[in-house]
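Encoded as structure tokens, the structure appears first; notes follow it.
Derivation of every value follows stated rules applied to the coordinates shown; laboratory data play no part. None of the values given here were measured: they were computed from a predicted structure. Reconstructed Cβ throughout: ideal geometry from the backbone, glycine too, with neighbour counts over all protein chains shown.
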Amino acid sequence: IPDSADVDREVDSVCPYCGVGCQLTFKVKDDKIAWVEGAEGPANENRLCVKGRFGFDYIHHPHRLTVPLIRKGGAPKGMNVDPGDWSTHFREASWDEALDAAANGLKGRGREAAGFGSAKCSNEEAYLFQKLIRQGFGHNNVDHCTRLCHASSVAALLENIGSGAVTATFNEIENADVAMVIGANPTENHPVAATYFKQFAKRGGQLIVMDPRAQGLKRHASHMLQFKPGGDVAMLNAIMHVIVDEELYDRQYIAAMTENWDAMKAHLEDFPPEKMAEHCGIPAEMLRDVARVWAGAKAGMIFWGMGVSQHVHGTDNSRCLISLALMCGHVGRPGTGLHPLRGQNNVQGASDAGLIPMFLPDYRSVTDDGVRSAFEEIWGTGGIGAEKGLTVVEIMDAIHASDIRAMYILGENPAMSDPDVDHARDALGKLDHLVVQDIFLTETAMFADVILPAAAWPEKTGTVTNTNRQVQMGRPAVPAPGEAREDWWITTQIARRLGLGWSYEHPREVFTEMKKGMASLDNITWERLEGEAVTYPSSGPEDPGAAIVFSDAFPRPEGRARFTPASILPPDEVPDAEYPMVLITGRQLEHWHTGAMTRRSSALDALEPEANCALHPRTLHRLGVAAGEMVRLSTRRGTVDVMARADRAVAEDTVFLPFAYVEAAANLLTNPALDPYGKIPEFKFSAVRVEASRKV
Ligand code: SF4
């Protein structure tokens, strides 16, 4: 690492990867990021993980898109383009030609058009993208990757506490005496948050970890519940049964702050631990012990991740967690709270900004006449669609049904991230017109008619909102390469060509407009954010914002939160003789989502260069496969050959496969069955066959 004196400038910004939202400082030499240091942000206090610290050089990779591209006449669409040599399928175009082509193919499409925005862009860019789809096409077919991560958590939170965001920052764990981490693997996926969890345990806090995989936090846990995949509702209901049975609940809190308690109590009678132990694989005594520890805590927090949300019963899982917190009064005080750990750096902000098909900004329903009128007035336009739009997977189905014929995709990669991804790739290939705006020629861009080169996060200005509800400013450290432009500028140019009359010259103007329709941004101004991070809600210009919310009332009728009972709903497909094991997909520390950025980051790619899956050593022995050899994973959707790694953290009937690797794309295997409320696919449970592969 060179000396600070060697750099030309230092630029404070925010990490481009996960929802922890670590602040960092880019050290710039000759218009290149030379290295990165942690900064004094509210979520990280100078800490960074390996991605934030070493995963920055993807922006200088030779694969960056630097000019607008148009598909050559007759060039076939599909996964057959070299991302480093697009000239076989695309030709260079001027910005004017590419924007005209992009807009002309979308214009007048009405309900035949749809859009995917991005949780990797700024709040202003997310806001503009949803506005363009709604204003330009008169409907709400706009979504983004929240549908694939916490949509079911948000559905349950909105239903039961009236708000989709966290009730307390993860840093509040320092005031807790008990914390539950369920369906999350923070040491890999939210590594800086995990450092606070480890410190909590070190200080004597009781850390209850629940996951079908043992994991890094196990070493710090007071209780490790390695439950059967899909056994979560049974396990959580059994814990709550004990709390009711032994009268450990908080009567005063329940009476003052909640509704539907009697129905909840009656429902839980059917879930005694002795009966549920078989369902979830956790002994009854352990379930009783956890119930007593949780209910006996002075202050408890619950953290959860995609292991909770990515199931057909994902909303039910979250309903259980909310009930568990409410019945013990673990919301609204220091050291208490519900915290779904958000994935992408700006998935909270993009959702807040309305990049979802059922809500305008601030989760205001598109079906509400008053809400639509309010936004029509702000936008100076009419015709916002009154029906909820289609979600990510539903849009792919609608393409197959020829109901959607054109798409504008900004920074999403459904050709890698959708479940049963061959279905999604076939859909993308069927579109009459596909515009993709991105920093690399992603697998999705390989299907595009027009590709618009975008600036990467360290090259642009904008605000982002992390998992803690903290709004922070991102600043450009280096210029974008070639002719690449910031996403807000590109979206504005397309809107102009669609006749929408937009005239934004800077993201600051977009933020000012957002504030008109988003009460959550009251007392948060662009000027403030240039100097400090602000947590929403903020009660005044000097208030840094509320780390804890809902101390006195919930944003629901009569200010009361609701208990919603959840019954056991089995996974959509269960193992059988042909597919006897369970496939779980997810992330790993060094790689981010579909790998577009981290696999082009030299340090991260060197650490984890090869597609791999994790199997228990005894499973490998049974298969006659040594660690490092290839295995074949097959489901009803497809087959993948991948290198096997021995890992005692994985149960013997389970295989874990990261989804970052195109050469062993996990989503060729996954089940597209959806949770009926959050419309999230069941990425965390597919019946799979594992066998030795002949590939080497
Ligand atoms: Fe970036 Fe998340 Fe790592 Fe922080 S924990 S440095 S935000 S990837």
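For the residue pairs Lys51/Lys198; Lys72/Lys460; Lys77/Lys131; Lys460/Lys684; Lys51/Lys131; Lys29/Lys460, alpha carbon separations beyond 23 Å are given by Lys72/Lys460; Lys77/Lys131; Lys460/Lys684; Lys51/Lys131. Remark: C-alpha extents of segment 1-145 on the principal axes read 54, 36, 27 Å, sorted largest to smallest. Ordering of 20-27, 151-158 by packing is 151-158, 20-27, highest average first (other Cβ atoms within 10 Å, averaged per residue).
The alpha carbon centroids of segment 28-104 and segment 469-547 are separated by 22 Å. This model, with +1 at the C-beta of Lys and Arg and -1 at the C-beta of Asp and Glu, gives segment 373-415 a dipole about its Cα centre of some 100 debye. Partners of Lys265 within straight-line reach, counting aspartates and glutamates whose Cα lies under 20 Å from its Cα and excluding those fewer than 8 residues away in the same chain: Glu159, Asp232, Asp245, Glu246, Glu247, Asp250, Glu274, Asp289, Asp316. Neighbours of Asp57, meaning other residues whose beta-carbon lies under 9 angstrom from its beta-carbon, give a summed charge of +2 when Lys and Arg score +1 and Asp and Glu score -1. What separates the Cα centres of segment 561-605 and segment 271-289 is a distance of 25 Å. Coupling constants for segment 224-231 follow from the phi torsions by the Karplus curve (6.51 cos²θ - 1.76 cosθ + 1.60, θ = phi - 60°), and in residue order they are 10, 10, 8, 7, 5, x, x, x Hz; glycine and proline get x.
Of the peptides 548-556, 336-344, the order by per-residue mean of other Cβ atoms within 10 Å, starting with the highest, comes out as 336-344, 548-556. If a spin label sat at a point 7 angstrom from the Cα of Asp653 along the line to its beta carbon, the backbone N atoms of segment 549-589 nearer than 12 Å would be those of 574-577, 580-583. Enter the Cα centre distance for the pair segment 329-370 and segment 205-254, rounded to the nearest angstrom. The two parts, judged by their Cα centres, are 25 Å apart. Which of the aspartates and glutamates could be linked to Lys27 by a straight reach, that is with a Cα gap under 17 Å, when you skip same-chain ones fewer than 8 residues away? Those aspartates and glutamates meeting the cut-off are Asp3, Asp6, Asp8, Glu10, Asp12, Glu37, Glu40, Asp57, Glu459. Using only the C-alpha atoms, the convex hull of the chain corresponds to 150 Å³ per residue. Summarising the amide proton neighbourhood of Arg485: residues at separation of 5 or more, or on other chains, whose placed amide H is nearer than 5 Å comprise Ala454, Ala455. Sorting 431-437, 87-93 by their mean Cβ neighbour count within 10 Å, with the most densely packed peptide first, gives 431-437, 87-93. Computed from the C-beta positions of Glu509 and Glu483, the FRET efficiency with R₀ = 35 Å rounds to 0.90.
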